[in-house]
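Structure, as structure tokens:
Rule-based calculations on the coordinates, nothing more; no lab input. Please read all numbers here as calculations on a predicted model, not as lab measurements. Here Cβ is always computed from backbone atoms with ideal geometry, including for glycine, and neighbour counts include all displayed protein chains.
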Amino acid sequence: MWNKSLLIFIRYFLILIMIFGIVINRTNLNTAMIIFIFIFLINNQIRFFSLHKTFYKIVSFVIEFIFIIVAYKWIGGYLITYLILLAIDSNIFFEKPLKHIFNLGIILQGILLSLNETLEFKFINIALLIFVVSILYLIKDESDRKLEAQMLYDKLRVSEEKLKSANRDLEVYASSIEELTLLRERNRLSREIHDSVGHALSVIVIQLGAIERTIEKNQQTAKQVTKELRKFTQSSLNEVRMAVREIKPKEFENYEGILIIEELIKNFKKLTGVDVRLAFTKKKWPLNPDQAFVIYRIIQEFLSNSVRNGKATFIQIFMAFNDYKLVVTLKDNGIGVDNLVEGIGIKSMRERVTEIGGIFNYKTKVGDGFLVKIELDKLEKLKIHSKGDNNGED
């Protein structure tokens, strides 16, 4: 809290000034006075360097109060050096309210000891003493604030470590729960397959064996068994399809087009190392198959052209859904081109969007990359004939 080296320097500096003041103001020092000064200094140094218990420090402090009165009246010297030395110890060793009491006592002692002195002497000594005590209060308050801030920082750091540890534990727990849930789901699926598909296949095998045995002897019976087997097989197939539909999440069906686009971008990033960012608005609605197909092909074409022709290293794709339409914006940081002559790639993208009633626009300039903007209306049902893949250059 306090800089001990600096405090020691200040203490010895004040002691030297105090001794210097005694020497120049008292030329006839006798042995008793010198012994008294040594006792005074020994008490002061023992309190600073050796005493640790508050009670002993208080006793030493009170003794020095008395020593100052005796020393100043009997030996003389500079009053202010005695009092500043005492004020420093008061603010170092004691906390509130004891510190306030001692500081007030030091100021009163300075006033009392200077009663018989000149007005100028009183003003300089008392004003300087009050100023020093105020500075010591400010230093102590600032030190306390720093110490409090450090303690708070340490607590926050400990809390942060605890939170990190708790987060790791939660991640392990979540991973365990996820694994356990997966194992339970696999177990359920295995039972479903065993109970439904396994049973159906067993029955089919038995029925096929029966048909094999009766087909030569009684074709009519074999025909009837075959007819019943076909019905049973169809029924079992419907059960399998129903089970698959139950397993497959409804959200996947609604947003399957978007998920396929995400997979396309993920694979493209792995293969090329190009940074591709895909973002959506919070509100989304399901794409119908034709919209999903067109957007997929256009993104595929744009990614290919951006790297091959535009030498792009960063691509942004944003899909903005609202109540009536979807706006897809594709932008790269490629070299761009002025006065672009449309090639097969651009024409193919325009045709695809136009066929489902959308709007296609693009913009490019040298040094400004390539921008494509698509607007599609929100439609539930659209059917078009899928055109062949076209990876021509712009």
Could you give the nm distance between label points at Met33 and Ile206, where each point is 7 Å from its Cα heading toward the beta carbon?
12.9 nm
Backbone N within region 323-347 under 12 Å of label point (7 Å from Arg308 Cα along the Cβ vector):
344-346
Sites Leu104 and Lys378 - FRET efficiency at Förster radius 56 Å, r taken between beta-carbons, to 0.05:
0.10
Listed here are the pairs Lys53/Lys96; Lys311/Lys373; Lys57/Lys96; which of them are more than 18 Å apart at the Cα?
Lys311/Lys373
Suppose the chain between Phe318 and Thr354 were pulled fully straight at 0.36 nm per residue; how much longer would it get relative to their current alpha carbon spacing?
11.0 nm
Can you tell me the order of 163-174, 265-276 when each peptide is scored by its average per-residue count of other Cβ atoms within 10 angstrom, highest first?
265-276, 163-174
Label-zone membership for region 301-319, site Ile344, 7 angstrom Cα→C-beta point, backbone N under 17 Å
301-306, 308-309
Among Lys73/Lys99; Lys282/Lys347; Lys122/Lys146, which pairs are too far apart, with a Cα-Cα distance over 30 Å?
Lys282/Lys347; Lys122/Lys146
So, by mean Cβ neighbours within 10 angstrom, what's the order for 329-338, 116-125, 60-69 with the highest one leading?
329-338, 60-69, 116-125
Work out the charge dipole of region 253-377 with +1 on the Cβ of Lys and Arg and -1 on the Cβ of Asp and Glu about the Cα centre, then indicate which of Leu326, Ser348, Asn309 is farthest towards its positive end.
Asn309
Run the Debye formula on the Cα coordinates of region 253-377, all scatterers equal and no solvent, and tell me log10 I(q)/I(0) at q = 0.10, 0.17, 0.21, 0.22 1/Å.
-0.29, -0.86, -1.30, -1.40
About its Cα centre, region 253-377 carries a charge dipole, from +1 on Lys and Arg Cβ atoms and -1 on Asp and Glu Cβ atoms, whose size in debye to the nearest 20 is 400 debye
Region 253-377: relative contact order in percent, alpha carbon pairs under 8 Å with at least 6 residues between:
23 percent
Please state, rounded to one decimal and in Å, the Kirkwood hydrodynamic radius that region 4-116 gives when every pair of distinct Cα atoms enters the mean of 1/r.
14.5 Å
